[in-house]
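Here's the structure we're looking at; comments come further down.
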Amino acid sequence: MELSRIAVAGSSGLIGGALVRSLAADGHEVVRLVRRAPRSADEVRWDPERKYVDAAGLAGCDVVVNLAGANVGSRRWTEAFKEKLRSGRVQGTAALAEAMASLDEPPRVFVNGSAIGYYGETGERAVDESAPPGEGFLPSLAVEWEGAAAPAQEAGVRTVFPRTGLVVARQGGAWGRLFPLFKAGLGGRLGDGRQYWSFVSLHDEVAAIRHLIDRDDLSGPFNVTAPRPVTNREITEAMGRVLHRPTPFPVPAPVLRTVLGELAGDVLGSQRVLPTRLLESGFTFAFPEIEGAIRAAAK
């Protein structure tokens, strides 16, 4: 990939921060979108909830990457929080797409983060990008989120939607909560443990996004998940092996529902998602198996 000017929204998050470090290390010029007054030339003001972005700040950018949005699992799903999740993702995407479309020379590619929540509950059925959206809050959010990128697509910007699975990382995301519990010897399966979790290592997540940026022939949705989804029981066993801790404390489903409310449905739900299009494009996973991904994160 030639050296480029790349704007990143969500640069302070788990994936965004890792992506920015990777791009900067290779000499790319990274412009970060911030929600306060810019303090340097490499910052651009935006306010996703209010559907605002300083379009002039995107001029000259070859690539725009949008990874912004409140953490889905950070708190109980009250109606107010669900609206915050929706407005940050949908309004923010629309603001960026419309800003790009307004430029005389728009960026060549828009990578707009999405999630495997698009598919909803799949049980033991494996799905790939050809599957329709599921039912419920997260699928409807993902559909609206991706749809908000339409102005950029209509302006001729190649638009890609990485539908990300559960990112295996020591800090941040769902796994950031699991590591301390397992290290303390308090880890265990959730519910009956038979639900599938479609995971991806943080290393592979960043590598996949860069692959999607680099390949001019790729557009549309791409599942960013390791090739073999595993059950929560298998994950529990792998965490115990890697961290050398017992895993004696299963968390019953009723307890999860009491603590997490509506979010428990997604923790207990099963998503067996395959990265068919990513593999067909020639992408190679560095950590295709769960134990390797956990070991990489635990370092």
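Find how much the distance from Met1 to Asp47 grows on full extension, using 0.36 nm per residue of separation minus their present alpha carbon separation; answer in nm with one decimal.
Extra length from Met1 to Asp47 when fully extended: 13.6 nm.
I'd like the antiparallel share, as a percent to the nearest 5, of DSSP beta bridges with both residues in the chain.
Just about 10 percent of them are antiparallel.
Comparing Gly269, Gly113, Gly282, which has the greatest mean-square fluctuation in the GNM of the chain with Cα pairs linked when under 10 Å apart?
Taking springs between Cα atoms under 10 Å, the residue moving most is Gly282.
If R₀ is 45 angstrom, what is the calculated FRET efficiency for the pair Asp104 and Ala286, using the beta carbon separation as r and rounding to 0.05?
Given R0 = 45 Å and the Cβ-Cβ separation, E is 0.70.
Quick one: length gained pulling Phe81 to Glu29 fully straight, 0.36 nm per residue minus the C-alpha distance?
Full extension of this stretch gives 15.3 nm more.
Quote to one decimal, in nm, the extra length available between Arg215 and Glu144 on full extension: 0.36 nm per residue of separation minus the C-alpha distance between them.
This chain segment gains 23.0 nm when fully extended.
Counting Lys and Arg as +1 and Asp and Glu as -1, each charge on the Cβ, what is the dipole of segment 1-49 about the Cα centre in debye, to the nearest 20?
For segment 1-49, the charge dipole is close to 200 debye.
Can you show me the helix-derived [θ] at 222 nm for the chain, built from DSSP H runs with n ≥ 4 at -39,500 (n - 2.57) apiece and divided by the number of residues, rounded to the nearest 500.
Result for the chain, helices only: -10500 deg cm²/dmol.
Between rounded, prolate and oblate, where does segment 84-140 land on the alpha carbon gyration tensor, with a ≥ b ≥ c its root eigenvalues, rounded for a/c under 1.5, else prolate if a/b exceeds b/c?
Oblate shape, in that a/c is at least 1.5 and b/c is the bigger or equal ratio.
Among Ile15, His244, Val168, which residue has its Cα furthest toward the positive end of the charge dipole of the chain, with +1 on Lys/Arg Cβ and -1 on Asp/Glu Cβ?
Checking the options against the dipole of the chain, the answer is His244.
Work the Kirkwood hydrodynamic radius out for segment 35-94: mean of 1/r over every pair of different alpha-carbon atoms, inverted, in Å.
It works out to 12.9 Å.
Using DSSP, restrict attention to beta bridges with both residues in segment 112-238 and report what percent are antiparallel, rounded to the nearest 5.
Within segment 112-238, antiparallel bridges account for around 15 percent of the total.
Counting Lys and Arg as +1 and Asp and Glu as -1, each charge on the Cβ, what is the dipole of segment 1-102 about the Cα centre in debye, to the nearest 20?
600
Compute the orientation-averaged projected area for the chain from the convex hull of its Cα atoms and round it to one decimal in nm².
Across all orientations, the chain yields a mean hull projection of 14.8 nm².
Give the lysines whose C-alpha is closer than 30 Å to that of Lys82, dropping any in the same chain fewer than 8 places away, or say none.
Lys51
At what distance in angstrom do the alpha carbon centres of segment 96-171 and segment 198-236 lie from each other?
13
So how strong a dipole does the chain carry about its Cα centre when Lys and Arg Cβ are +1 and Asp and Glu Cβ are -1, to the nearest 20 debye?
1340
Sorted by mean Cβ packing within 10 Å, highest first, what order do the peptides 206-219, 237-250 take?
Ranked from most to least packed, the peptides come out as 206-219, 237-250.
Just to confirm a number: summing +1 for Lys and Arg and -1 for Asp and Glu over residues other than Glu49 whose beta-carbon lies under 11 angstrom from that of Glu49, what do you get?
My count for the surroundings of Glu49 gives +4.
In nm, give the distance between the simple-model label positions of Lys183 and Ala131, each being 7 Å from the Cα along the Cα-to-Cβ direction.
3.3
In degrees, nearest 10, range 0 to 90: what is the angle between the Cα axis of helix 173-183 and the longest Cα principal axis of the chain?
Orientation of helix 173-183: about 30 degrees from the principal axis.
Just so you know, all these numbers are worked out from the coordinates, no wet-lab data involved. Fair warning: this is a prediction, and the values are worked out from it, not measured in the lab. Glycine gets a Cβ as well: all are built from the backbone with ideal geometry, and neighbour counts include every protein chain shown.
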